[in-house]
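In what follows, a structure is listed as structure tokens, so that the remarks can point back to it.
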Amino acid sequence: MPRPTIERLLDMAQRTPSWCNTQPWRVTLTSGAATRQLAEALSEHQSDAADQPDLPFPVAYRGEYLARRRECGYQLYGAVGIERGDRARSALQGRENFRFFGAPHFALITTERDLGTYGAIDCGGYVSVFLLAAQSLGLAAIPQAAVAAHSPWLRDYFGLPGNRLVVCGISFGFPDQAHPANGFRTGRAPITEVVDWRD
């Protein structure tokens, strides 16, 4: 992607509001050969490495959260031709996270350790604005928590200081409309399931 397009995307995302305007996100961005080298190294590392996220992953998915997660997974795997219960092919598809789904650009999002939970929440806001900005520019972007499972490795790879906690990654580029994974949209719960009115 042209550098001016990426800079416009980053300028738009930089307007994200944050707690006391701290703007705790930092973005480590790779392009072209640097993305390919990172994908190769991360894919090799993750093949036999234990998860070590800086921010704890969910303890469990229950009730409607489990149902929504499963629906999304079934839709994705169905779109790319993986039948339910095919764990081998599901695992192969999961490893695409570490190849960044073939995207030419990867953004690693980190936060300041001392800002705690609210720094991470602000980074979540940044990711949302980044995704919306990408969409408005005709780009495709996908946030990836999977890469955060290898936080210490990523910190070492990029030479980041210990006070930077890995939140997630975002792979992005021009959309491949013909790819089957882009042929479905995740559902959304009706507001009656998520809003508790108190009049």
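The values are calculated or read from the model by the stated rules, or taken from the named source; none is laboratory data. Since the structure is predicted, the reported quantities are computational estimates derived from the model, not experimental observations. Here Cβ is always computed from backbone atoms with ideal geometry, including for glycine, and neighbour counts include all displayed protein chains.
Run Ile82 past the list (1) surrounded by 15 or more Cβ atoms within 10 Å (Cβ to Cβ); (2) touching a residue at least 24 places away in the same chain (Cβ under 8 Å); (3) not in a helix (DSSP H, G or I) and report the number of the one that doesn't hold.
With respect to (1) surrounded by 15 or more Cβ atoms within 10 Å (Cβ to Cβ); (2) touching a residue at least 24 places away in the same chain (Cβ under 8 Å); (3) not in a helix (DSSP H, G or I), Ile82 is out only on (2).
Going by the structure shown, is Ala189 surrounded by fewer than 17 Cβ atoms within 10 Å (Cβ to Cβ), closer than 24 Å to Arg70 by Cα and in contact (Cβ under 8 Å) with a residue 12 or more places away in the chain?
Working: surrounded by fewer than 17 Cβ atoms within 10 Å (Cβ to Cβ): yes; closer than 24 Å to Arg70 by Cα: yes; in contact (Cβ under 8 Å) with a residue 12 or more places away in the chain: yes.
It is true that Ala189 is surrounded by fewer than 17 Cβ atoms within 10 Å (Cβ to Cβ), closer than 24 Å to Arg70 by Cα and in contact (Cβ under 8 Å) with a residue 12 or more places away in the chain.
Kindly establish whether Ala178 is free of Cβ contacts under 8 Å to residues at least 40 places away in the same chain, of a type in the set (A, V, I, L, M, F, W, C) and touching a strand residue (DSSP E or B) at 6+ places or on another chain (Cβ under 6 Å). Break it down stepwise before answering.
Details: free of Cβ contacts under 8 Å to residues at least 40 places away in the same chain: yes; of a type in the set (A, V, I, L, M, F, W, C): yes; touching a strand residue (DSSP E or B) at 6+ places or on another chain (Cβ under 6 Å): no.
In short, no.
So, in region 52-76, of the ones that are charged (D, E, K, R) and over 16 Å from the mean Cα position of the chain (by Cα), which residue ends up surrounded by the most Cβ atoms within 10 Å (Cβ to Cβ)? Explain how you work it out, then say what you get.
Residues of region 52-76 charged (D, E, K, R): 54, 62, 64, 68-71.
From the residues that got through so far, the ones that are over 16 Å from the mean Cα position of the chain (by Cα) too are 62, 64, 68, 70-71.
Values: Arg62: 9, Glu64: 11, Arg68: 16, Arg70: 12, Glu71: 12.
Selected residue: Arg68.
So, in region 123-143, exactly how many residues are part of a strand (DSSP E or B) and buried (at least 20 other Cβ atoms within 10 Å of the Cβ)? Steps first, answer last, please.
We begin by selecting, within region 123-143, every residue part of a strand (DSSP E or B); these are 140-143.
Adding the requirement that they be buried (at least 20 other Cβ atoms within 10 Å of the Cβ) leaves 141.
Of the residues in that region, 1 qualify.
Can you work out which of the residues in region 168-199 that are under 24 Å from Ala34 (Cβ atoms) and not hydrophobic (A, V, I, L, M, F, W, C) is nearest to the chain's Cα centre (by Cα)?
Among them, the one singled out is Gly169.
Test Trp19 against the stated conditions and say whether it is more than 17 Å from Arg95 (Cβ to Cβ) and in contact with a Ser or Thr (Cβ under 8 Å, 6 or more places away or on another chain).
Numbers: more than 17 Å from Arg95 (Cβ to Cβ): yes; in contact with a Ser or Thr (Cβ under 8 Å, 6 or more places away or on another chain): no.
Spelling it out, it is not the case that Trp19 is more than 17 Å from Arg95 (Cβ to Cβ) and in contact with a Ser or Thr (Cβ under 8 Å, 6 or more places away or on another chain).
Taking region 23-40 only, how many residues are touching a residue at least 24 places away in the same chain (Cβ under 8 Å) and surrounded by 14 or more Cβ atoms within 10 Å (Cβ to Cβ)? First the steps, then the outcome.
Restricting attention to region 23-40, the residues satisfying the condition of being touching a residue at least 24 places away in the same chain (Cβ under 8 Å) are 23-32, 35, 38-39.
This time we only want the ones that are surrounded by 14 or more Cβ atoms within 10 Å (Cβ to Cβ), so: 23-31, 35, 38-39.
Total satisfying the criteria: 12.
For Leu108, indicate whether it is in contact with a helix residue (DSSP H, G or I) (Cβ under 7 Å, 6 or more places away or on another chain) and either exposed (fewer than 13 other Cβ atoms within 10 Å of the Cβ) or in a helix (DSSP H, G or I) (or both). It would help to see each step written out before you state the result.
Numbers: in contact with a helix residue (DSSP H, G or I) (Cβ under 7 Å, 6 or more places away or on another chain): yes; either exposed (fewer than 13 other Cβ atoms within 10 Å of the Cβ) or in a helix (DSSP H, G or I) (or both): no.
No.
Being exposed (fewer than 10 other Cβ atoms within 10 Å of the Cβ) and closer than 23 Å to Ala145 by Cβ is the filter here, so list the residues in region 162-186 that pass it.
The answer is Gly162, Arg185, Thr186.
State which residue is farthest from Thr111 (Cα to Cα) when the search covers only region 144-191 and only residues that are assigned to a loop (DSSP other than H, G, I, E, B) and touching a Cys at 6+ places or on another chain (Cβ under 6 Å). Let's see the steps before the verdict.
From region 144-191, those assigned to a loop (DSSP other than H, G, I, E, B) are 145, 159-163, 174-179, 184-190; that's our starting set.
From what's left, touching a Cys at 6+ places or on another chain (Cβ under 6 Å): 145, 186.
Values: Ala145: 14, Thr186: 28 Å.
Going through the qualifying residues, I end up with Thr186.
The conditions are (1) modelled with pLDDT under 90; (2) under 26 Å from Ala178 (Cβ atoms), and Arg87 fails exactly one of them. Which is it?
Of everything listed in (1) modelled with pLDDT under 90; (2) under 26 Å from Ala178 (Cβ atoms), Arg87 misses just condition (2).
Would it be correct to say that Ala91 is more than 19 Å from the chain's Cα centre (by Cα) and either surrounded by fewer than 16 Cβ atoms within 10 Å (Cβ to Cβ) or part of a strand (DSSP E or B) (or both)? Walk me through it before giving the result.
Numbers: more than 19 Å from the chain's Cα centre (by Cα): no; either surrounded by fewer than 16 Cβ atoms within 10 Å (Cβ to Cβ) or part of a strand (DSSP E or B) (or both): yes.
Against the criterion (more than 19 Å from the chain's Cα centre (by Cα) and either surrounded by fewer than 16 Cβ atoms within 10 Å (Cβ to Cβ) or part of a strand (DSSP E or B) (or both)), Ala91 does not qualify.
Would you mind finding the one in Tyr65, Tyr74 that is at pLDDT below 95, part of a helix (DSSP H, G or I) and touching a Lys or Arg at 6+ places or on another chain (Cβ under 8 Å)?
Just a single option satisfies the conditions, and that option is Tyr74.
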